[in-house]
Ligand SMILES: C[S@@+](CC[C@H](N)C(=O)[O-])C[C@H]1O[C@@H](n2cnc3c(N)ncnc32)[C@H](O)[C@@H]1O
């Protein structure tokens, strides 16, 4: 979830501290004893802003609803909602689901909700998915036989992958659907679900029940997750960031320092590998670099912002008003931000700026021959391949081609 940092987080948390469990480990095995008016325990992992949590608590007054969230900036909104709703059967924890056994005794949870869990699309990150076998075994420990997981997501590749994991781990599946709301709204919707459903996206849902054969942590090592990428590796839709995921802002000295502090040189881009040197952040060199760039004319330099974090630089250079042409260059600060579509979004924003604000008619770009990722990104942004030499591929896009592509995408 992309959240803005809430500067007034501490006082806001304090104002609804009655809903916060500060030391959940102290409650292990004692949850229902501490809430004598409730007779069953429902746990939601990754409650976000808490629409589902609060509505479920209202609808199920006999159940104690425990919402777990590792991003307090989101959770504070959920806590405020609970306070404003005047309910007493819900509590929140700033906690990582990976540590579940620290706070729940075996078979203590009656039902577990996983709503719109983060997809972690890369294969190497599959173990972080809340439906990965490692997590399913923690849940199996904490649920009795017959205890259920209710899982919903808009993400079909994640849903299909999760189905495979539940099956392989011995859970009994029911209520499996790829279009939960096809005949009208069903059940309590989460914040994400309200948004996605309004956008016409289909919601997947399943219920998984623990059986006598369900694997718990006692089953030993979890299976290795090979080829577990969601999306392209399985020939399915790759998850694209929303159009407004990134923005461009003029590069300032402090933004460039933030950018270069995390910069990593990509060894694969060196034709001659012996020339590769890891980048080492040196504040004085960054100061000099920025001063030199700011003195140049005919350039516009932007930091590519993901929320408040500068993740790369985009430059329009060689801006030549008589010929109405310029060239675009882009770099992202490290691998964490590559291959997510952020570069393409930034390129589109810059193209709009070049055509609409600078009055350009043509924008050029080039890419090292071995940088196939950048070539794909340029083509997705609308650039056309023009030529290549020993070192580079050359691209360009005209105003007409850009507006044509925009019209195509809107149709
Ligand atoms: C995509 S959001 C969905 C939020 C909410 N369930 C909804 O549907 O509106 C996923 C949430 O799960 C939280 N989350 C992801 N992994 C978690 C973990 N291991 N432990 C606790 N929370 C987690 C994230 O911080 C985020 O707020």
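The values are calculated or read from the model by the stated rules, or taken from the named source; none is laboratory data. All figures in this text were calculated on a predicted structure; none of them were measured in a lab. Using ideal geometry, Cβ is built from the backbone for each residue, glycine included, and neighbour counts are taken over all protein chains shown.
Tabulated data for the structure shown
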item: Test: residue 104 is at pLDDT 95 or above, within 23 Å of residue 14 (Cβ to Cβ) and touching a helix residue (DSSP H, G or I) at 6+ places or on another chain (Cβ under 8 Å); result: no
item: Wholly enclosed strands (runs of 3 or more DSSP E) of the stretch 147-217 bearing at least 2 residues within 16 Å of the ligand (Cβ to nearest atom); result: 148-153, 204-209
item: Single residue of 73, 94 found to be surrounded by 15 or more Cβ atoms within 10 Å (Cβ to Cβ), within 11 Å of the ligand (Cβ to nearest atom) and more than 26 Å from residue 147 (Cβ to Cβ); result: 73
item: Number of positions in the stretch 97-121 that are surrounded by fewer than 16 Cβ atoms within 10 Å (Cβ to Cβ) and part of a strand (DSSP E or B); result: 0
item: Matching residues in the stretch 57-96 - criterion: being assigned to a helix (DSSP H, G or I) and under 18 Å from the mean Cα position of the chain (by Cα); result: 72, 73, 74, 75
item: Which listed residue, of 67, 25, 34, 78, is in contact with a helix residue (DSSP H, G or I) (Cβ under 7 Å, 6 or more places away or on another chain), within 29 Å of residue 133 (Cα to Cα) and exposed (fewer than 14 other Cβ atoms within 10 Å of the Cβ); result: 25
item: Long-range neighbours under 6 Å by Cβ, at least six apart or interchain, first residue touching a residue at least 12 places away in the same chain (Cβ under 8 Å) within the stretch 81-108, second in a loop (DSSP other than H, G, I, E, B) and within 12 Å of the ligand (Cβ to nearest atom); result: 81/50; 96/70
item: For residue 124: the one exception among (1) in a helix (DSSP H, G or I); (2) within 15 Å of the ligand (Cβ to nearest atom); result: (2)
item: Residue under evaluation residue 119, criteria (1) at pLDDT below 95; (2) out of contact with any helix residue (DSSP H, G or I) (no Cβ under 7 Å at 6 or more places or on another chain); (3) near the ligand (Cβ under 9 Å from one of its atoms), criterion not met; result: (2)
item: Selected residue [away from the ligand (no atom under 13 Å from the Cβ), under 24 Å from residue 177 (Cβ atoms) and outside the structural domain of residue 335 (by TED's automatic domain parsing)] from 130, 136; result: 136
